[in-house]
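Presented below is the structure to which this report refers.
The values are calculated or read from the model by the stated rules, or taken from the named source; none is laboratory data. Because the structure is a prediction, the values reported are computed rather than measured. Ideal geometry is used to build each Cβ from the backbone, glycine not excepted, and the neighbour counts take in all protein chains shown. The protein model used for the area step is the full one, side chains on, heavy atoms only, and it has no ligands, DNA or RNA in it. Shrake-Rupley method; radii C 1.70, N 1.55, O 1.52, S 1.80 Å.
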Amino acid sequence: MESTDEHIEERAQPSASLQECVDRAFRIPIFLSTTNTLNTKQGRFLDRLISEIEQALLFPRTLPSSEQYPETILTSIRRLVLSSYGLLAINFRRFLVEFIDTNVGPLPSTTPFWEGSVFLQIEPSMAFQHGLPILLVREKGTDVNNGIWAGGIAPLNTFIEWDSENQTVDQFFNSIQWREAFANWSAEVRNGYFIQTEPKFKYGCNNM
């Protein structure tokens, strides 16, 4: 017959399912906008980025890896935006392309250039329209003249680049530029979370 102390100690250990829930406790949900098609170095960068987010006690959610809804893609993006308190987008190099023709005028450029995923244009734009704090990170040279990633489109204080050809993953995440931008964004996410989750109750003589 087991002793009472042993029985209590055994019961005190949470199950694997409960432990998974506990590990996510107090993590504020954020939208991680990225692509699922990655090379080895990009995969290491994304893994480190997720670790940085989780260490800040934020919970990264992304389509379709961690979230999936029975609606169309745009509706699913909107649902994820409306249930998150911030967005962090990482625009990796996806396609190396070049102009071969244009409907009017000369070619904008004859030099091949990198493009990312089309969803890296849609998801941050929807999050910005909803007023979520956004942090845009891109692999250097990606979409430099395309959409929200072109110069002068997004707020400069939300934009940071990873020079993947000359900068290791560790060097990027140890840089002052990253640490400052991430700390500011994380603070904005928490501030927005507390504002949105406060009860709609006002103190004062008007309530007397």
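Going from most exposed to least, what order do 79, 44, 138, 190 have by accessible area with a 1.4 Å probe?
Working: 79 105, 44 125, 138 25, 190 75 Å².
The most accessible residue leads, giving 44, 79, 190, 138.
Take the solvent-accessible surface of the protein heavy atoms, probe 1.4 Å, and return the percent of it on the range 73-208 that carbon and sulfur atoms account for. Working shown, then result.
Working: 4670 of 8440 Å².
Of all accessible area on the range 73-208, carbon and sulfur atoms account for 55 percent.
Using the beta-carbon distance between residue 71 and residue 168 and R0 = 35 Å, what value does 1/(1 + (r/R0)^6) give for FRET efficiency, to the nearest 0.05?
On the way: r = 40 Å, r/R0 = 1.14.
Working from the Cβ atoms, E equals 0.30.
In nm, to one decimal, how far is the modelled label at residue 47 from the one at residue 102, with both set 7 Å along Cα→Cβ?
4.3 nm
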